[in-house]
1. Could you list, in sequence order, all residues of the range 47-63 that are near the ligand (Cβ under 10 Å from one of its atoms) and either of a type in the set (Phe, Trp, Tyr) or touching an Asp or Glu at 6+ places or on another chain (Cβ under 9 Å) (or both)?
2. Tell me, which residue of the range 279-332 that is open to solvent by 40 Å² or more (accessible area, probe 1.4 Å), within 12 Å of residue 139 (Cβ to Cβ) and of a type in the set (Gly, Ala, Ser) is farthest from the ligand (Cβ to nearest atom)?
3. Residue by residue through the range 1-25, note down the ones that are away from the ligand (no atom under 11 Å from the Cβ) and either under 23 Å from the mean Cα position of the chain (by Cα) or hydrophobic (A, V, I, L, M, F, W, C) (or both).
4. Taking the condition of being open to solvent by 70 Å² or more (accessible area, probe 1.4 Å) and either more than 25 Å from residue 322 (Cα to Cα) or within 11 Å of the ligand (Cβ to nearest atom) (or both), how many residues in the range 64-76 meet it?
5. Every residue in the range 393-424 that is buried (at least 16 other Cβ atoms within 10 Å of the Cβ) and of a type in the set (Gly, Ala, Ser), please.
6. Given the range 4-107, what strands (runs of 3 or more DSSP E) lie entirely inside it while holding 2 or more residues that are among the aliphatic types (A, V, I, L, M) and touching a helix residue (DSSP H, G or I) at 6+ places or on another chain (Cβ under 7 Å)?
7. I'm checking my understanding of the structure. Among residues of the range 26-46 that are within 16 Å of the ligand (Cβ to nearest atom) and of a type outside the set (A, V, I, L, M, F, W, C), which one is nearest to residue 132 (Cα to Cα)?
8. If we only count strands (runs of 3 or more DSSP E) wholly inside the range 245-306, which ones have 1 or more residues that are over 26 Å from residue 173 (Cα atoms) and among the polar types (S, T, N, Q)?
Amino acid sequence: MAEALRVGIAGLGTVGASVARVLRDKAAELTRQCGRDIVVTAVSARNQKRDRGVDVSSAKWFDDPVKMAQTADIDVFVELIGGDEGPARSSVKAALEAGRHVVTANKALLAKHGVALAEIAEKRGVLLNYEAAVAGGIPVIKTMREAMAGNSVTRVFGILNGTCNYILTRMEAEGISFDACLKDAQRLGYAEADPTFDIEGHDTAHKLSILTSLAFGTKIAANDIYMEGISNITQADIRAAGDLGYRIKLLGVAQRTDSGIEQRVHPTMVPTASVIAQVHGVTNAVAIETDILGELLLSGPGAGGNATASAVIGDIADIAKSRPGFQHGPVFGRPAKELKPYKKAQMRSHAGGYFIRLTVHDRIGVFAAIAKRMADNDISLESIVQHAVNGEAEAQKTVILVTHETTEAAVRKAVDGITKDGHLTDKPQVIRIERAG
Ligand SMILES: NC(=O)c1ccc[n+]([C@@H]2O[C@H](COP(=O)([O-])OP(=O)(O)OC[C@H]3O[C@@H](n4cnc5c(N)ncnc54)[C@H](OP(=O)(O)O)[C@@H]3O)[C@@H](O)[C@H]2O)c1
């Protein structure tokens with residue numbers, strides 16, 4: 001049998017401890033699958049005394065993950081610290097430079113430094129595997145990088161943040177407000193004490209930027225993503241979506257268009273009957289649309305110690321099975337040096353259907369004025385519904401418009417015009433509609 005693969009794990013928190021536990025519990029099975037043993041020979045975390053729920057005392061302890069990255073006692077450096085700078089970045093860089101394979105679950109690091117790190121890995125002839133960085137346990141990187149060779153991707157979109165999907169699912173199922181749902185999610189441990197990163201779309205954007213690079217062979221451009229979170233979604237939107245045959249999801253979407261590549265993260269209406277609309281709670285899903293395959297949807301657990309460990313261990317096992325000269329191809333599907341600059345499509349040229357919810361004074365002429373602003377901007381309407389808002393001192397109405405395909409620029413101009421006309425009593429709500437199978 002080939003020599004054992006020696007693994008060093010940096011970070012023994014939720015994911016790192018699960019990885020150590022599964023490697024121990026499944027050692028015999030992994031040996032059968034990989035044709036060699038996988039042994040944890042080194043570990044690093046901040047506090048050596050902390051009980052991790054798994055005994056790692058047989059592995060050499062390192063206070064400094066950079067030192068561990070450079071030790072000759074490991075073949076694979078597994079980075080599970082987190083963060084786009086600091087010890088995560090310096091240790092991954094040190095490991096690659098020292099000729100160690102790297103496995104990481106760190107989307108923030110890859111979104112910021114992925115291409116530079118891929119260049120080092122490819123120069124050194126080592127693997128940089130990151131299955132767990134996007135959608136946790138779902139094997140989307142492997143699917144895109146290996147199983148879809150020869151396909152040209154036209155669009156990739158997904159539910160990439162479990163916290164947001166959990167909140168939207170409960171808002172719809174129980175009719176409760178965003179704020180109440182968020183508080184409950186925090187109480188149950190589904191949302192961080194500071195939830196901004198999740199609910200405003202940053203986490204989804206990090207993951208999307210990696211998928212975009214894989215899908216379109218472009219450099220990662222995480223700062224060029226149009227981003228809107230879910231904190232403005234109200235019960236009125238959720239009910240109106242349901243009445244119209246839609247469900248609201250926070251999607252990350254990357255799409256090839258005539259003017260470049262769109263990358264956008266925003267609340268989206270998807271048809272209630274579509275497969276992605278059936279993805280509830282903390283579950284994640286990624287849909288990939290290609291010329292040869294059509295639309296593929298992968299769904300499953302996007303976070304959690306064991307689910308994420310599953311992806312990390314799959315990456316480690318790939319390294320155990322790989323032989324020099326027989327690897328899995330470049331980090332982002334094409335050699336890092338050949339990744340094209342990202343050509344950004346402007347959000348204002350995004351084409352699609354729109355849901356527009358307006359709260360207006362109940363006066364003669366308001367409806368006609370709204371219709372005129374739409375017509376002036378060449379927006380044709382699929383439906384228009386109005387109903388009274390009950391219980392307000394002043395008579396108000398809700399007007400809900402669903403457009404046929406139009407552009408973001410036209411919708412923004414029309415809504416700005418309606419706002420200037422002075423008919424609105426509340427902020428207008430605009431939600432994009434996404435085609436989904
Ligand atoms: N949790 C998930 O469900 C999930 C899902 C997908 C991807 N990820 C990614 O996986 C990574 C790890 O996440 P996690 O949830 O496991 O984080 P975590 O529970 O906070 O664990 C982080 C670990 O890093 C260690 N650490 C921090 N600074 C260090 C340093 N300077 N040197 C050595 N070790 C250090 C900590 O040590 P101490 O324990 O001693 O403090 C801790 O063990 C992140 O990149 C995250 O984005 C997580």
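1. Answer for the range 47-63, where residues must be near the ligand (Cβ under 10 Å from one of its atoms) and either of a type in the set (Phe, Trp, Tyr) or touching an Asp or Glu at 6+ places or on another chain (Cβ under 9 Å) (or both): 48, 62.
2. Only one residue tops the list, namely 299.
3. 1, 2, 4, 5, 7, 22, 23 - these are the residues of the range 1-25 that are away from the ligand (no atom under 11 Å from the Cβ) and either under 23 Å from the mean Cα position of the chain (by Cα) or hydrophobic (A, V, I, L, M, F, W, C) (or both).
4. Number satisfying all stated conditions: 1.
5. Residues satisfying the conditions are 410, 414, 417.
6. Once the strands (runs of 3 or more DSSP E) in the range 4-107 are filtered for at least 2 residues that are among the aliphatic types (A, V, I, L, M) and touching a helix residue (DSSP H, G or I) at 6+ places or on another chain (Cβ under 7 Å), what remains is 5-10, 38-44, 76-79, 101-104.
7. 44
8. 246-257, 260-271, 283-290
The values are calculated or read from the model by the stated rules, or taken from the named source; none is laboratory data. Computed from a prediction, not measured in an experiment: that's the story for all the values here. Note: ideal-geometry Cβ built from the backbone for every residue, glycine included; neighbour counts use all protein chains shown. Note: areas computed on protein heavy atoms with side chains; ligands, DNA, RNA excluded. Shrake-Rupley method; radii C 1.70, N 1.55, O 1.52, S 1.80 Å.
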